[in-house]
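Remarks on the structure that follows.
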Amino acid sequence: MSASVAVALPCFGQAIHVDAARMQWTIDTGTMSYVVGVNEEKMVQTVYWGPRLAPGAVLPMAKMGGERSSFDPAMVATPLEYAGFGAGLYTEPALKVDSADGDRTVVLEYADAHVTGDLLELVLRDKVKPIVVHLYYQGFAQGVVARWSRIENAGKTTIKVEQAASATWNLPRGTGYEWSWLTGQWAGEWQLHTAAIQAGAQVIESRRGSTSHEANPWFAVGKTKETTERAGPVWFGELGWSGSWKMAVEGTTQDDVRITGGFNPFDFEYALKPGESLGTPKFYAGYTAGGRGEASRILHRFQREVILPTHPDPKPRPIIYNSWEATEFNVSEAGQIALAEKAAKLGVELFVIDDGWFGARKDDHAGLGDWVVNKEKFPNGLKPVIDRVHGLGMKFGLWFEPEMVNPDSDLYRKHPEWAMNFPGRQRTEMRNQLLLNLARTDVKEYVFGFLDKTVSENDIAFIKWDYNRNWSEPGWAGADSAGEKAIYVKYVENLYEIFARLRKKHPGLEIETCSGGGGRVDLGILQYTDEVWTSDNTDALDRLSIQYGFSQAYAPQVMVAWVTDVPNMDHRFIPLQFRFLVAMQGALGVGSNLNKMPEAELAESAQLVNFYKGIRDTVQTGGLYRLASPEAGDAAQVEYVAKDGSQAVLLAYLHSQRYRMAYPTVKLEGLDATAIYRVRALDAAKYKGAELVSGSVLMGDGVRLGLTGDYDSTALVLEKVK
Ligand code: GLA
């Protein structure tokens, strides 16, 4: 370890400070500081996680928690950064290792530290065995720290890792905490929950092989009496892993609060031969005193500037037309061209053919795995459609579900052994399909091969990458030396490798991650994909809630939202403008059957697409303010403020008017109080204010909107007058 120095990191505008004498490391980032230290037992523990500390501020030394009684050992009362199962640890271990010699414990001690550029590495060693754990910390100016670990077998015999988290995040000891998390289901993703953290563990996880609809690897912890949307402390984080994962939120009986997350230990094992190591996913976290809204804005900005493949300044997303809801599997050259011609007139920029274009794909019973153009539907290949789409001034995109196979396919008939399975067991089908075992090198090469070939032979700018089932029999016959259960790691690593190779070979190619809607969204996959299909549910009322939940954790830019026909899955009739204004909360798309849309609606759609183009940069790259939650009442609003403050956009909705009540006054946020704004109303009749209004009035007094009846909506655009 080097002497006491401050290592400034100009590229990220944040810094790692090393206090060698006190054995403490401080990571300053954004408005937060995170401090780790070595205690008198040589254990590495959290010293501080909260508001940014003054330069040179001195914190108490790291100290073991002390043995409260013979039942409460020090291990349990110490906020360890990365606790091994051993020495009386009863809380969630970050690491559990079977040394394969009868010893199943690990007790980690500090060994060394290195600061390289923006990276802090702490090296820990087991007290007895040659098990080395590297803890990594990377700070980002957006106010986020990434943590992950690498477990190394420095011995001469194989060991088995049975549980490996990325990190444990310890909150300041205390009471009165609450946490928020997201759960869901197909067509009902992104449901936000909040509950008190009390003694006991609450777990969110996926055992399904992928991120899942069921829960998303994101958390936000606040203080019940202090934290609101607009103010108060929030400790928040999210994992970058698209396989099975787990986050345990523990409140101990001694008022410690810990969040441990990483690989899901369920059915997990990873063998390490001498010299081998296992890296864990990145677990990102931050702190703000600015409430839940600010926590989300930090994450959104972090995703745009650090995570997304085209960071630090990803271009706003194009307006998509996708034919799925219009035609389902019934795609054809003439039908798609007819839709493309109408889509172009609306102002669409990217035309995507969804499922049904390949193999014997008449419905969802056959064809997955056979990625050759269906000659009955497209007798001349895809070229005539692609040429026409280009001629209309749009880019072309295509749907794939690369990791799947229908038993009724040429691929399965040729390679039944490629399907994930346990020999002699049933192969449980979901949507009539099985998973290919992407952990296998031959399967990985096959998948990369057909994607590369199709993209090379056709002018394809965009892939919608779907994934329509979860794992059932996660067998890997003939596994490599890490063992059969390493499928949970190798599958995802190979998936990421395919994305990376494709993007490298086809630099202009963009990818949407979809898993029956929002079933595979996390900071791992978002390093390789440009956007997310948020949900298969396009009902605009449901979408208000779905998008509200999504926005807690992920940026509007990646949130693809289509306007589709009514009635939809909830059999409601929602006016076109309401549907558009809901879809405008993120990356706008259209999925209606344009062949059946009346002329008046086509004209209105074109106008609304054009309106969106004028606010798109602000929505997609600005700051999001959730002014009123759709969960809290009938009137919901969101506001976006452009990065440079020059424009703000208000989208306002009324589900149902009641008791002849006027629409609530809407107070804007994030504006320049000293500036004058020119207010442009989408519907002049629904805005009752002046054209030029002070920012202080817009925020202090608010705006009055004439929304009435059911499913009413409007938008205001505020241009800052220089
Ligand atoms: C999934 C996707 C849909 C659509 C269908 C096609 O359900 O989420 O958007 O692509 O598959 O089969």
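The values are calculated or read from the model by the stated rules, or taken from the named source; none is laboratory data. For clarity, every value in this text was computed on a predicted model and none was experimentally measured. Reconstructed Cβ throughout: ideal geometry from the backbone, glycine too, with neighbour counts over all protein chains shown. Ligands, DNA and RNA are excluded from the accessible area calculation, which covers all protein heavy atoms including side chains. Shrake-Rupley method; radii C 1.70, N 1.55, O 1.52, S 1.80 Å.
Stick to the Cα atoms of the stretch 83-307, pair each with every other, and give me the Kirkwood hydrodynamic radius in Å at one decimal.
After inverting the mean inverse Cα-Cα distance, the result is 18.3 Å.
In whole percent, what relative contact order does the stretch 627-720 give with Cα contacts below 8 Å and a gap of six or more residues?
Value for the stretch 627-720: 35 percent.
5 Å is the cut-off here: which amide hydrogens, built 1.01 Å from N in the peptide plane, fall below it relative to Ile204, excluding neighbours closer than 5 in sequence?
Met247, Val249
At a Förster radius of 30 Å, what calculated FRET efficiency corresponds to the Cβ-Cβ distance of Ala111 and Glu276, to the nearest 0.05?
The calculated FRET efficiency here is 0.95.
Sorted by average packing, counted as other Cβ atoms within 10 angstrom per residue and highest first, what order do 551-559, 616-624 take?
Ranking, from highest mean packing down: 551-559, 616-624.
If each residue of separation counts as 0.36 nm, what is the full-extension length gain between Glu40 and Ala360 once their alpha-carbon separation is subtracted?
Length gained, Glu40 through Ala360: 108.5 nm.
Provide the FRET efficiency to the nearest 0.05 for the Glu269-Asp442 pair, computing r from the beta carbons and using R0 = 22 Å.
0.40
Using 0.36 nm times the number of residues separating Arg704 and Gln426, minus their current alpha carbon distance, what extension gain do you get?
93.9 nm
Give me, ordered by chain and number, the residues 5 or more places off Ala215 or on other chains with an amide H under 5 Å from its own placed amide H.
Gly184
Quick one: 3J(HN,Hα) in Hz for the stretch 578-584, Karplus 6.51/-1.76/1.60 with θ = phi - 60°, rounded, Gly and Pro as x.
Ordered by residue, 3J(HN,Hα) equals 4, 4, 5, 5, 5, 5, 6 Hz.
Tell me the net charge near Val132. Cut-off is 13 Å between Cβ atoms, Val132 excluded, with +1 for each Lys or Arg and -1 for each Asp or Glu.
Value of the local net charge: -2.
What per residue convex hull volume, in Å³, comes out for the stretch 627-720 when only alpha-carbon positions are used?
Enclosed volume per residue, from the Cα hull, is 86 Å³.
Picking from Ala87, Thr157, Gln577, whose Cα lies most toward the positive end of the charge dipole for the chain (charges on Cβ: Lys, Arg +1; Asp, Glu -1)?
Gln577
Quick check on my link table: of Lys643/Lys667; Lys464/Lys485; Lys383/Lys464; Lys505/Lys643; Lys315/Lys688, which ones sit more than 24 Å apart, alpha carbon to alpha carbon?
The answer is Lys464/Lys485; Lys505/Lys643; Lys315/Lys688.
Hey, can you grab everything whose amide H is under 5 Å from the amide H of Lys464? Only 5+ residues off in sequence or another chain; H modelled, so Pro and N-termini drop out.
Residues meeting the criterion, in which the H sits 1.01 Å from N, are Leu398, Trp399, Phe400, Glu512.
Ranked highest first by average number of other Cβ atoms within 10 Å, how do 135-143, 71-79 line up?
135-143, 71-79
Multiply the residue separation of Thr31 and Glu341 by 0.36 nm, subtract the distance between their alpha-carbon atoms, and state the gained length in nm to one decimal.
106.6 nm
Explain nothing, just the number: relative contact order of the stretch 219-296, from Cα pairs under 8 Å at least 6 residues apart, as a whole percent.
Over the stretch 219-296, the number comes to 42 percent.
If you take every DSSP beta bridge whose two residues both sit in the stretch 320-621, what share of them, in percent to the nearest 5, is antiparallel?
Once the DSSP bridges in the stretch 320-621 are tallied, antiparallel ones form about 20 percent.
Once you charge only the Cβ atoms, +1 for Lys and Arg and -1 for Asp and Glu, what is the size of the charge dipole of the chain about its Cα centre, to the nearest 20 debye?
Dipole of the chain, to the nearest 20 debye: 940 debye.
Excluding residues fewer than 8 places away in the same chain, name every one of the aspartates and glutamates whose C-alpha is closer than 14 Å to that of Lys613.
Within reach: Glu349.
Can you grab the distance from the C-alpha centre of the stretch 406-427 to the C-alpha centre of the stretch 23-68, Å, no decimals?
Cα centroid to Cα centroid, the span is 53 Å.
Kindly rank 419-427, 695-703, 246-254 from highest to lowest mean number of other beta carbons found within 10 Å of each residue.
Highest-to-lowest ranking by the protection proxy: 246-254, 695-703, 419-427.
Can you list the HN-Hα couplings for the stretch 507-523, worked out from phi with the Karplus curve (6.51, -1.76, 1.60; θ = phi - 60°), rounded to whole Hz and with x for Gly and Pro?
x, x, 5, 10, 10, 9, 8, 9, 9, x, x, x, x, 9, 10, 6, 6
log₁₀ I(q)/I(0) of the chain at q = 0.05, 0.06, 0.07 Å⁻¹, via Debye over equal Cα point scatterers, no solvent, to two decimals?
-0.26, -0.37, -0.51
I need the calculated FRET efficiency for the pair Lys596 and Val372, taking r as the beta carbon distance and R₀ as 51 Å, to the nearest 0.05.
0.95
Give me the distance between the Cα centres of the stretch 266-330 and the stretch 531-548, rounded to whole Å.
18 Å
When the helix-only estimate is applied to the chain (DSSP H runs of n ≥ 4, each -39,500 (n - 2.57), divided by the residue count), what is the mean residue ellipticity at 222 nm, nearest 500 deg cm²/dmol?
-5500 deg cm²/dmol
Per residue of the stretch 383-389, in order, report the coupling 6.51 cos²θ - 1.76 cosθ + 1.60 (Karplus, θ = phi - 60°) as ³J(HN,Hα) in whole Hz, putting x for Gly and Pro.
Working through the residues one at a time gives 4, x, 5, 4, 4, 5, 4 Hz.
Given 37 °C and 0.692 mPa s, how large is the Stokes-Einstein diffusion coefficient of the stretch 511-615 in µm²/s, with Rh as the Kirkwood radius over Cα pairs?
Estimated diffusion coefficient is 232 µm²/s.
Taking the Cα centre of the stretch 320-621 as the origin and placing charges on Cβ (Lys, Arg +1; Asp, Glu -1), which of Tyr491, Phe400, Pro507 is farthest toward the positive end of the dipole?
The residue sitting farthest along the positive end of the dipole is Pro507.
Keeping all protein chains in position, work out how much accessible area His655 exposes to a 1.4 Å probe, and write it in Å² to the nearest 10.
Counting only protein heavy atoms, the figure is 60 Å².
Using a cut-off of 12 Å between beta-carbons, work out the net charge of the residues near Ile298 (Lys and Arg +1, Asp and Glu -1, Ile298 not included).
Overall, the nearby charge balance is +1.
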